[in-house]
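K.L.:
Just passing along the structure, written as structure tokens.
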Amino acid sequence: MKKTMKKVIAAMVSAAMLLPLAACGNSNATSATAPAAAASSDGAAAEKKGGDGTGSPGGVDHTQGASFKIRFATNSSAGDVAGEGISQTGKGMIYFCKQIEERSGGRITTQIFTDGQLASSTQEYIGGAQNGAYEMFMLNCGSWADYTPAYAGLNIPYLYMDYDDAYAVLDSQIRQEWDQRAQADTKCIPLAHLDIGFRQLTANKEIHAPADLKGVKIRTMVDPIQMNCWEAFGASVTPVPYAELYTALQQKLVDAQENPPSNIVSSKLYEMQSYCMKTNHNFTTTIMAASPVFWDTLSEEDKVFLQELWKETEMYVRSLTENLSDGFFDEMQSKGTTVVELTTDELKVFQDVAKSVWPQVEEQMGSEAYNKLVDFVMDYQANK
């Protein structure tokens, strides 16, 4: 699943053209006043732009204006956002925090609350943001589909065969419509989709076919599409909160799990799993979003500043994803987990079974939105 630099550059240009979302929600918020805990810098962070000394694109001075603090709510582990970060989302958050603090001259500060400290379930994340409990949060696209069914389109098993397929959707009008729908549904403001690669299966035995999953207790997200897909494969599905997954594997409450390589490494799930099968069954994004209460306290200039910096961060994360995923597989191998390459024929069996749940996605999304997405992806794949 190799993407070319040409594709990356094209995606960056396309994303830069996305229209900012309008503000919404009530205006009763107050800014946080606690002292800042500045995020660490990723050594690969892009150089500051502009030549006016502000370090801002287009020479805009972001050091002027009201001071405020951004508190991030996330399920990511503390280790994932320490130092240079581990996963794509970890590196993305660090990059954003570093850049916004530097470009604002310290006027804007940040603090990341990890391991579900501020929220753990989908309802808690959305509800907390709606109530102004924190300024920003991250939520998996499949989880957000509970509120905005269109986001289930990013979670269709084996629809996206490589990164280019997924990025084509993320850079399209379809994604803009989804984000606008999400804002209308929740009042929260989606600002970026940080991709974390394709999800993989780990277990304590080799899995080469759905038949091998009979009797295997697998942890999935609380996401009906994923749950139904793994049941169709023959596994016994046991949803477990991500923050409790390592313990669930350790205590043998579950035998297997599926996650992007970044999560498998950042949470050290490889310590509890002997094999990682390259199933590539789902492409996944984490949506970075703002609280409507917080958003309504911002000046128009700061709204544009945050929107543009998140677009930049999204492109930065994209540039890392594929190489990081390869490195994560190498790290798993070095820690004693065997990485299993499935053959084309083996993958096709999984793909064929997975398509049995596509009608459920259509029901969740609605036929019009579903057909628009699938037609778009199929046309894109046919014309590569």
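K.L.:
Under a 5 Å amide H to amide H cut-off, with H placed in plane at 1.01 Å, what residues pair with THR110 once short-range neighbours are removed?
P.N.:
Here the answer is ALA37, ALA39, ILE70, since their amide H atoms fall under 5 Å of that of THR110.
K.L.:
Ok, one more. Contour minus end-to-end for SER356 and GLN176, with contour as 0.36 nm per residue of separation and end-to-end as the Cα-Cα distance? Could the numbers behind the result be given before it?
P.N.:
Working: separation 180, 0.36 × 180 = 64.80 nm, distance 2.80 nm.
Taking SER356 through GLN176 to full extension adds about 62.0 nm, to one decimal.
K.L.:
Which length gain, in nm to one decimal place, applies between GLU331 and GLU244 when the Cα-Cα distance is subtracted from 0.36 nm times their residue separation? Working shown, then result.
P.N.:
Details: separation 87, 0.36 × 87 = 31.32 nm, distance 2.24 nm.
Residue separation times 0.36 nm, minus the Cα-Cα distance, leaves 29.1 nm.
K.L.:
Restricting things to Cα coordinates, could you compute the convex hull volume per residue of segment 246-384 in Å³?
P.N.:
204
K.L.:
Then there's this: Count neighbours as other Cβ atoms within 10 Å of each site's Cβ, and list the GluC sites (Glu not before Pro) in segment 336-384 that are DSSP loop with at most 16 such neighbours.
P.N.:
Numbers: sites: GLU341, GLU346, GLU362, GLU363, GLU368; in loops: GLU341.
Taking segment 336-384 and a limit of 16 other Cβ atoms within 10 Å, the loop GluC sites (Glu not before Pro) found are GLU341.
K.L.:
Now a separate question. Given a Förster radius of 35 Å and the C-beta distance between ASN371 and GLU84 as r, what FRET efficiency does 1/(1 + (r/R0)^6) yield to the nearest 0.05?
P.N.:
Values: r = 42 Å, r/R0 = 1.21.
Once rounded, the FRET efficiency stands at 0.25.
K.L.:
Now a separate question. Let me check I have the definition right: for segment 108-185, take the eigenvalues of the Cα gyration tensor, multiply each by 5, take square roots. What are those semi-axes in whole Å, largest first?
P.N.:
Working: eigenvalues 131, 40, 35 Å².
Sorted largest first and rounded, they come to 26, 14, 13 Å.
K.L.:
OK, next. Calculate, in nm to one decimal, what VAL349 and GLU300 gain on full extension: separation in residues at 0.36 nm each, minus their alpha carbon distance.
P.N.:
Numbers: separation 49, 0.36 × 49 = 17.64 nm, distance 5.13 nm.
My answer for the length gained is 12.5 nm.
K.L.:
Then there's this: Percent relative contact order of segment 257-342, based on C-alpha pairs within less than 8 angstrom and at least six residues apart? Kindly include the intermediate steps, with their values, before the conclusion.
P.N.:
Numbers: 44 pairs, mean separation 53.9, N = 86.
Taking the mean separation of contacting Cα pairs over the length of segment 257-342, I get 63 percent.
K.L.:
Here's something else I'd like to know. Along each of the three principal axes of the Cα atoms of segment 121-232, give the extent in whole Å, ordering the values from largest to smallest.
P.N.:
Result for segment 121-232: principal-axis Cα extents of 45, 31, 19 Å.
K.L.:
Only four residue types carry charge here, +1 at the Cβ of Lys and Arg and -1 at the Cβ of Asp and Glu. Report the dipole size of segment 304-384 about the Cα centre in Debye, rounded to the nearest 20.
P.N.:
On the way: 7 positive and 16 negative charges, 9 e Å.
Computed about the Cα centre, the dipole is about 40 debye.
K.L.:
Explain nothing, just the number: dipole magnitude of segment 270-326 about its Cα centre with +1 on each Lys and Arg Cβ and -1 on each Asp and Glu Cβ, in debye rounded to the nearest 20. The partial results should precede the final answer.
P.N.:
Details: 4 positive and 10 negative charges, 67 e Å.
Its charge dipole is roughly 320 debye.
K.L.:
For segment 143-203 and segment 230-295, what is the centre-to-centre distance using only Cα atoms, to the nearest Å?
P.N.:
Going from one Cα centre to the other spans 17 Å.
K.L.:
How large are Rg and Dmax for segment 89-139 when only the alpha carbon atoms are used, in Å?
P.N.:
Values for segment 89-139 (Cα only, Rg and Dmax): 12.2, 35 Å.
K.L.:
Okay, next question. Rounded, prolate or oblate: pick one for segment 303-384, where a ≥ b ≥ c are the square roots of the eigenvalues of its C-alpha gyration tensor, a/c under 1.5 means rounded, and failing that, prolate if a/b is larger than b/c, else oblate. Can you show the working numbers first?
P.N.:
Working: a/c = 2.23, a/b = 1.04, b/c = 2.13.
Cα axes put segment 303-384 in the oblate bin.
K.L.:
Moving on to the next point. What number comes out for the charge environment of THR285, summing +1 per Lys or Arg and -1 per Asp or Glu over other residues with Cβ under 11 Å away?
P.N.:
Taking every other residue near THR285 into account, the sum is 0.
Throughout, read-outs are computed from the coordinates displayed, never taken from laboratory work. It should be emphasised that the depicted structure is a prediction, and the values quoted were computed from it without experimental measurement. In this analysis, Cβ positions are derived from the backbone assuming ideal geometry, glycine residues included, and neighbour counts consider all displayed protein chains.
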